[in-house]
Amino acid sequence: MYITSLKLRNFRNYSEEVIEFEKGINFLCGANAQGKTNAAEAVFFLCTAYSPRASRDSLIIKNGEERAEILGTAKSEYGEVSVRIVFNKKDKKSIYINGLQVLKVGELFGNIHSVFFNPAELKLVQESPEDRRRFLNVSLSQMSKNYFYALQRYNKILSQRNNLLKEPSKSIIRETLPVWDEQLSRQASKIICARNKFLEDIAPIVNQKHAFLTDGKEDLKIKTESGYYGTEEEIAYALYQDLKTGLEKDMRLGFTNVGPHRDDIKFVLNGLDARVYGSQGQQRTVALSLKLAEAEAFKQRFGEYPILILDDVLSELDKKRQRKLVQAVSGIQTIFTATNFDRTVFKDNAVNKIVIEQGKIKKK
């Protein structure tokens with residue numbers, strides 16, 4: 001899969017521009033704050049309706065404007081698809097696939113696939129479990145609408161259960177909770193099963209990618225910390241029992257203490273916890289290895305690679321690892337962003353170089 005064109009209107013610092021992409025390596029370059037990352041973000045938005053940089057959609061609308069629009073066209077083995085997203089300051093965003101509006105965000109998933117990485121992805125290793133769960137949710141939602149809808153239902157039921165736990169009457173809680181627990185366990189088991197399978201599948205790939213980037217000097221293993229394994233039925237039963245056992249604690253604290261909203265991933269580097277003992281450079285390579293493995297997971301699932309977006313990654317790597325990374329993305333449409341283009345890093349690779357200046361596309 002690869003994106004062929006991207007049209008931006010009032011998106012971030014762009015008034016109206018069209019970017020033409022090629023199938024292999026695309027290199028967006030220019031000085032800082034010119035719009036490179038904005039363009040990369042727009043491509044990812046077309047795939048997920050989610051921004052890794054903005055907490056609210058209204059923030060991506062250019063200052064002084066009331067609406068913004070992104071339109072992308074991509075090709076895959078199954079044909080061509082266009083995705084258009086319109087943002088309004090006052091209304092929810094509108095999504096169109098091949099010209100037809102879809103009313104649910106979930107219908108966007110699966111049309112264009114992408115994997116996004118920038119320096120902020122260090123959060124995957126350094127920071128809270130919430131960041132690692134977000135990685136799982138974004139990736140798996142692109143792979144499966146069923147996962148996305150199960151996640152939506154789970155979060156809704158979890159919110160209702162947590163509200164009930166704050167009810168002053170303990171007898172009302174005890175009478176009502178079993179209904180919520182049964183529904184919560186059923187949706188949770190779908191999420192946990194999908195996450196377990198995904199992490200099981202990519203674990204050897206993560207190890208392989210990391211060994212390649214580090215010339216075999218480092219061994220990386222990833223482990224799920226969900227605590228639940230087996231079939232959906234087995235997980236649902238085990239979780240339901242744990243919800244019953246933990247009821248008194250949940251009532252005392254006012255929230256649910258078990259379930260996929262507590263899941264985590266552990267990165268073990270050379271036998272040690274990478275979050276605690278890894279240097280920042282090692283942690284960055286761990287996160288990058290995870291993203292490269294994620295791209296392989298898409299290939300295994302759909303028979304073709306996603307669009308790989310590597311935003312400001314090269315500046316954080318030494319020359320040797322820059323070249324290793326370029327080798328690692330062979331055969332994948334990759335969008336790099338950087339302030340400078342170094343031909344020696346790409347050697348004999350054909351590169352579609354796109355210069356961006358103040359939200360304008362300049363000649364190559």
Practice problem: Provide the gained length on full extension for the span Asn257 to Lys360, in nm with one decimal, where the gain is 0.36 nm per separating residue minus the Cα-Cα distance. | Solution: 32.1 nm
Quiz item: Could you give the nm distance between label points at Ala120 and Lys347, where each point is 7 Å from its Cα heading toward the beta carbon?
Solution: 3.4
Quiz item: At Lys23 and Arg67, where each label point lies 7 Å from the Cα along Cα→Cβ, what is the point-to-point distance in nanometres?
Solution: 3.6
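For His261, His113, what's the largest-to-smallest order of accessible area, 1.4 Å probe? Walk me through the numbers on the way to the answer.
Working: His261 45, His113 10 Å².
Output order, biggest surface exposure first: His261, His113.
How far, in nm, would the chain grow between Lys266 and Lys145 when pulled straight, counting 0.36 nm per residue and subtracting the alpha carbon separation?
On the way: separation 121, 0.36 × 121 = 43.56 nm, distance 2.61 nm.
Residue separation times 0.36 nm, minus the Cα-Cα distance, leaves 41.0 nm.
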Quiz item: Relative to the first principal axis of the alpha-carbon coordinates of the chain, what is the inclination of helix 319-328, with its axis defined by its Cα atoms, in degrees from 0 to 90 and to the nearest 10?
Solution: 70
Quiz item: Quick one: in the chain, what % of C-alpha pairs are over 30 Å apart?
Solution: 43
Exercise. Rounded to the nearest 0.05, what FRET efficiency do Gln101 and Ser330 give with R0 = 30 Å and r taken as the Cβ-Cβ distance? Could you check?
Key: 0.20
Exercise. Take the alpha carbon atoms of the stretch 192-260, find their center, do the same for the stretch 93-134, and report the distance between the two centers in whole angstrom.
Key: 21
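What length, rounded to one decimal in nm, is gained on full extension from Asn32 through to Asn340, with 0.36 nm per residue of separation minus their alpha-carbon distance?
Details: separation 308, 0.36 × 308 = 110.88 nm, distance 1.01 nm.
Length gained, Asn32 through Asn340: 109.9 nm.
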Quiz item: On a 0 to 90 degree scale, rounded to 10, what angle separates helix 36-48 from the longest Cα axis of the chain?
Solution: 50
Quiz item: Using a Förster distance of 30 Å, how high is the FRET efficiency between Ser5 and Gln208, based on the Cβ-Cβ distance and rounded to 0.05?
Solution: 0.35
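Send over a whole-number figure in Å² for the accessible area per residue of the chain, probe 1.4 Å.
Working: 16920 Å² over 364 residues.
On a per-residue basis, the chain sits at 46 Å².
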Quiz item: What does the accessible area of Glu22 come to, in Å² to the nearest 10, when a probe of 1.4 Å is used?
Solution: 100
Self-check item: Distant-in-sequence amide H partners of Asp264 (H built 1.01 Å from N, under 5 Å)
Solution: Glu225, Ser226
Quiz item: Using alpha-carbon positions, what is the distance between the centroids of the stretch 50-82 and the stretch 285-364, in Å?
Solution: 21
Quiz item: In whole percent, how big is the carbon plus sulfur part of the accessible area of the stretch 1-105, probe 1.4 Å, protein atoms only?
Solution: 45
Practice problem: Sort Thr224, Thr334 by accessible area with a 1.4 Å probe, largest first. | Solution: Thr224, Thr334
Quiz item: With each pseudo-label sitting 7 Å past Cα toward Cβ, what's the Lys249-Glu233 distance in nm, one decimal?
Solution: 2.8
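From the Cα gyration tensor of the stretch 1-138, with a ≥ b ≥ c the square roots of its eigenvalues, which class applies: rounded if a/c is under 1.5, or else prolate if a/b is larger than b/c, or else oblate? Mind dumping the intermediate values first?
Details: a/c = 1.17, a/b = 1.11, b/c = 1.05.
Since a/c stays below 1.5, the shape of the stretch 1-138 is classed as rounded.
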Exercise. Could you tell me the accessible area of Arg174 in Å² (1.4 Å probe, neighbours in place), rounded to the nearest ten?
Key: 110
Exercise. Scan around Thr4 for amide H atoms under 5 Å from its own, H built in the peptide plane at 1.01 Å from N, and keep only partners 5 or more places away or cross-chain.
Key: Thr73, Ala74, Lys75
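Take each of the peptides 73-81, 11-19, average the number of other beta-carbon atoms within 10 Å over its residues, and list them starting from the highest. Don't skip to the end; give the middle numbers.
Details: 73-81: 14.3, 11-19: 18.4.
Peptide ranking by packing, descending: 11-19, 73-81.
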Self-check item: Stokes-Einstein D (µm²/s) once Rh is taken as the Kirkwood radius of the stretch 110-218 over alpha-carbon pairs, at 25 °C in 0.890 mPa s
Solution: 147
Quiz prompt | Within a Gaussian network of the chain (alpha carbon springs, distance under 10 Å), most fluctuating of Asp312, Asp250, Asp201 | solution = Asp250
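The values are calculated or read from the model by the stated rules, or taken from the named source; none is laboratory data. Because the structure is a prediction, the values reported are computed rather than measured. A quick note on method: Cβ atoms are made from the backbone with ideal geometry, for glycine too, and the neighbour counts reach across all protein chains shown. Ligands, DNA and RNA are stripped out before the accessible areas are found, and what is left, the full protein with its side chains, is counted by its heavy atoms. Shrake-Rupley method; radii C 1.70, N 1.55, O 1.52, S 1.80 Å.
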